[in-house]
Amino acid sequence: MKTVVSVSFISLVLMAIPVLFSENIGAPPAKFEQPILITSAGQSAEVQLASVLSKRAGLDAVLVKAASPRDLKNTKTLVLVLGASLKGLGAAGIDAADEKARVKGLVEAAQNLDIAILCLHLGGEARRGQLTDQMIEEFLPYGQMAIVVKSGNGDGLFTSICAQHNIPLIEVDRTIDAIAPFKNVFN
């Protein structure tokens, strides 16, 4: 009997590790389903990081940097990587208004199809700026959860929006630390 209790206790502790190293703010964490479509809201390079994190977490995900509603076919969760890059927008041949319109259409289509939306911000403080803040303010309210690198929330923007819309917020210290909570919300 002691062996069973010890193994159960160890299992419980191991399951709690991601929570110990991240801060949960808001409602209880949502659960999401696979397959996953990862796309950018702002054409920042962090969308590639999200793809790498999903692979390391063993998730069934596809990356489409400039996804459209037709890319949602067979998708159960849309992962929006919030972060704008003028260089990324230029490389995609679009401006900020075009990107906002694309993401708005994608989010509306996801809502109409009952596809859950998970928001990520992986670039930290260095990737915040006026255009990124506009993307966060416009699209974070559509999310059912957000996972962000703490330094990207130094001013409390994510905390404020998540509290206002009752969106669970998980903060991690480093981008690599997002793997565990990212994986956990799909299990």
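See the values below:
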read-out: Unmet criterion (only one of (1) among the hydroxyl-bearing types (S, T, Y); (2) without any contact (Cβ under 8 Å) to a residue 60 or more places away in the chain; (3) in contact with a Leu (Cβ under 8 Å, 6 or more places away or on another chain)) for S160; value: (3)
read-out: Filter pass, K65 being assigned to a loop (DSSP other than H, G, I, E, B), surrounded by 15 or more Cβ atoms within 10 Å (Cβ to Cβ) and at pLDDT 85 or above; value: yes
read-out: All positions within region 75-103 that are assigned to a loop (DSSP other than H, G, I, E, B), in contact (Cβ under 8 Å) with a residue 12 or more places away in the chain and over 24 Å from F32 (Cβ atoms); value: S85, I94
read-out: Qualifying residue in region 104-114 (condition: touching a strand residue (DSSP E or B) at 6+ places or on another chain (Cβ under 9 Å), closer than 20 Å to L53 by Cα and not in a loop (DSSP other than H, G, I, E, B)); value: no
read-out: Top-ranked residue of region 122-149 - restricted to ones that are at pLDDT 95 or above, in contact with a strand residue (DSSP E or B) (Cβ under 6 Å, 6 or more places away or on another chain) and of a type outside the set (A, V, I, L, M, F, W, C), ranked as farthest from E33 (Cα to Cα); value: Y142
read-out: Residue within region 94-107 that is crowded, with 21+ Cβ neighbours inside 10 Å and touching a Pro at 6+ places or on another chain (Cβ under 7 Å) present; value: yes
read-out: From A116, A91, A41, A97, residue being out of contact with any Ser or Thr (no Cβ under 8 Å at 6 or more places or on another chain), under 20 Å from P168 (Cβ atoms) and either at pLDDT below 90 or not basic (K, R) (or both); value: A41
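Residue-by-condition table, conditions (1) over 18 Å from G143 (Cα atoms); (2) out of contact with any strand residue (DSSP E or B) (no Cβ under 7 Å at 6 or more places or on another chain):
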| site | (1), (2) |
| --- | --- |
| V47 | no, no |
| V52 | yes, yes |
| A57 | yes, yes |
| R70 | yes, yes |
| A92 | yes, no |
| I117 | no, no |
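For (1) farther than 25 Å from I179 by Cα; (2) among the hydroxyl-bearing types (S, T, Y), each residue gets a yes or a no:
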position: A101; (1), (2): yes, no
position: V107; (1), (2): no, no
position: A110; (1), (2): no, no
position: A116; (1), (2): no, no
position: L122; (1), (2): no, no
position: R128; (1), (2): no, no
position: Q144; (1), (2): no, no
position: I147; (1), (2): no, no
position: S151; (1), (2): no, yes
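The values are calculated or read from the model by the stated rules, or taken from the named source; none is laboratory data. Predicted, not measured: the structure shown is a model, and the values here were computed from it. Using ideal geometry, Cβ is built from the backbone for each residue, glycine included, and neighbour counts are taken over all protein chains shown.
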